[in-house]
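Shown next, in structure tokens, is the structure this report addresses.
The values are calculated or read from the model by the stated rules, or taken from the named source; none is laboratory data. Because the structure is a prediction, the values reported are computed rather than measured. Positions of Cβ are generated from backbone atoms using ideal geometry, with glycine treated the same way; all protein chains shown enter the neighbour counts.
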Amino acid sequence: MTKAIILEKTGGPEALQWKEVQVGDPGEGQVRIRHTAIGLNYIDVYMRSGLYPIPVPGGLGLEAAGVIEAVGPGISHIKAGDRVAYAGGPPGAYSETRVMPTAPLVKLPDNVSDQHAAALLLKGMTVQFLIRRTYKVKAGETVLLHAAAGGVGLIACQWLKALGVTVIGTVSSEEKAALAKANGCTHTILYNKENLVERVRELTNGAGVPVVYDSVGKVTWEDSLSCLQPLGLMVSFGNTSGPVAPVNIGQLAAKGSLFVTRPALATYTAKPADLQATAADLFDVLAHGKVKAEIAQTFSLQDAADAHRALEGSKTVGSTVLIP
């Protein structure tokens with residue numbers, strides 16, 4: 001027997017239960033993985049709360065790294081003993097061991113540790129598709145990035161700086177402002193003390209920005225639109241403050257014929273070639289030191305509920321890893 005966090009029913013952190021589970025042998029197209037590190041992401045909160053529906057009772061978590069213990073029939077591209085990581089597939093990463101399909105797996109290069117992979121793969125691949133595909137940023141541009149001191153935010157700040165992009169980042173405290181700047185954020189705005197739209201217009205000489213990357217959602221939506229240049233792109237990729245209210249699309253015309261997208265990593269990595277290329281791009285910037293893997297917090301897997309409380313309470317910065 002092995003243990004896992006089981007979500008008995010949707011709800012608060014207390015809904016996460018540490019239980020014994022039975023893990024069988026992998027079937028065709030599957031492997032059994034012994035996890036060594038598990039990533040904590042805000043999408044886990046959405047799934048736990050029921051905002052993003054998943055089967056319950058059941059497992060939680062989409063990101064982990066570990067070692068393959070066994071492979072099912074018909075698999076030749078990976079073998080027992082290989083180090084792998086994943087940032088997608090069926091929920092269930094909050095476990096010591098699990099059986100899962102091979103499609104979401106990427107092999108880890110020697111220069112990327114298991115903990116760093118678990119901390120960075122989902123967030124790093126999210127940054128990759130946001131800045132290289134959803135809106136392909138160019139050197140010399142200025143972008144607005146909400147939650148600049150969060151897990152995705154710190155990676156984005158580093159990567160954007162390496163691309164020669166000026167980053168205006170929103171944060172909730174002076175401490176988080178300092179952290180964001182240390183990771184490449186050019187200008188920080190304390191969203192609870194400063195007028196976001198006025199500051200962005202001031203920093204861009206009245207022009208606004210061509211793209212806003214917004215993972216906050218409800219409370220930043222209106223101001224984000226007002227920070228955009230005509231024909232600008234609003235990239236809404238999360239909703240930590242709650243879902244965005246129904247939108248009158250006429251507002252987009254009034255504010256300058258704006259574009260809006262709600263992208264998801266699963267779509268951008270649905271094809272195996274896209275998944276591998278996205279991961280390879282992330283591993284390349286890691287290898288060249290353009291993005292550094294920083295793990296700010298670790299929790300024991302059995303204390304996942306405490307990790308969720310810290311995440312929801314804005315008590316975390318950067319990446320958090322759960323250790324089985």
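Here are a few things to note about the model shown:
- Every condition in (1) surrounded by fewer than 16 Cβ atoms within 10 Å (Cβ to Cβ); (2) in contact (Cβ under 8 Å) with a residue 40 or more places away in the chain; (3) charged (D, E, K, R) is met by Asp214 except one, and the failing one is (1).
- Residue match in the range 175-185 (condition: in a loop (DSSP other than H, G, I, E, B), of a type in the set (S, T, N, Q) and loosely packed, with under 15 Cβ neighbours inside 10 Å): no
- Scanning the range 70-106 for residues that are in contact with a Leu (Cβ under 6 Å, 6 or more places away or on another chain), in contact (Cβ under 8 Å) with a residue 60 or more places away in the chain and not in a loop (DSSP other than H, G, I, E, B) yields a count of 1.
- Among residues of the range 107-140, those that are under 23 Å from Val235 (Cα atoms) and without any contact (Cβ under 8 Å) to a residue 12 or more places away in the chain, counted: 1
- Verdict on Gly151 being under 21 Å from the mean Cα position of the chain (by Cα), under 19 Å from Met125 (Cβ atoms) and crowded, with 24+ Cβ neighbours inside 10 Å: yes
- Selected residue (criterion: nearest to Lys19 (Cα to Cα)) from residues of the range 39-69 that are in a strand (DSSP E or B) and among the acidic types (Asp, Glu): Glu63
- Filtered residue count, the range 244-294, keeping only those that are assigned by TED's automatic domain parsing to the domain that holds Leu130, free of Cβ contacts under 8 Å to residues at least 12 places away in the same chain and charged (D, E, K, R): 0
- Residues that are modelled with pLDDT of 90 or more and either assigned by TED's automatic domain parsing to the domain that holds Ala180 or β-branched (Val, Ile, Thr) (or both), drawn from the range 296-321: Thr298, Thr320, Val321
- Residue in the range 307-322 that is surrounded by fewer than 16 Cβ atoms within 10 Å (Cβ to Cβ) and within 28 Å of Pro101 (Cβ to Cβ) present: no
- Counting the residues of the range 243-253 that are under 14 Å from Ser224 (Cβ atoms) and either assigned to a loop (DSSP other than H, G, I, E, B) or of a type in the set (A, V, I, L, M, F, W, C) (or both) gives 4.
- Odd one out for Met47 among (1) out of contact with any Ser or Thr (no Cβ under 6 Å at 6 or more places or on another chain); (2) closer than 18 Å to Ser300 by Cβ; (3) of a type in the set (A, V, I, L, M): (2)
- Filter pass, Thr240 being of a type in the set (Val, Ile, Thr), outside any helix (DSSP H, G or I), under 30 Å from Lys3 (Cα atoms) and not assigned by TED's automatic domain parsing to the domain that holds Leu105: yes
- Number of positions in the range 110-128 that are farther than 18 Å from Ile295 by Cβ and at pLDDT 95 or above: 1
- Sole residue being assigned to a strand (DSSP E or B), over 16 Å from Val99 (Cβ atoms) and touching a Gly at 6+ places or on another chain (Cβ under 6 Å), chosen from Thr10, Thr36: Thr36
- For the range 219-237, filtered to residues that are in a loop (DSSP other than H, G, I, E, B) and more than 18 Å from the chain's Cα centre (by Cα), the residue that is surrounded by the most Cβ atoms within 10 Å (Cβ to Cβ) is Cys227.
- The condition (being buried (at least 18 other Cβ atoms within 10 Å of the Cβ) and assigned by TED's automatic domain parsing to the domain that holds Val152) is satisfied by just one residue among Val71, Val106, Val84, Val127: Val127.
- Index of the failed condition, Ala64 passing every other in (1) surrounded by fewer than 17 Cβ atoms within 10 Å (Cβ to Cβ); (2) in contact with a His (Cβ under 6 Å, 6 or more places away or on another chain); (3) of a type in the set (A, V, I, L, M, F, W, C): (1)
- Residues located in the range 76-86, provided they are of a type outside the set (Asp, Glu) and farther than 22 Å from Val56 by Cβ: Ser76, His77, Ile78, Lys79, Ala80, Gly81, Arg83, Val84, Ala85
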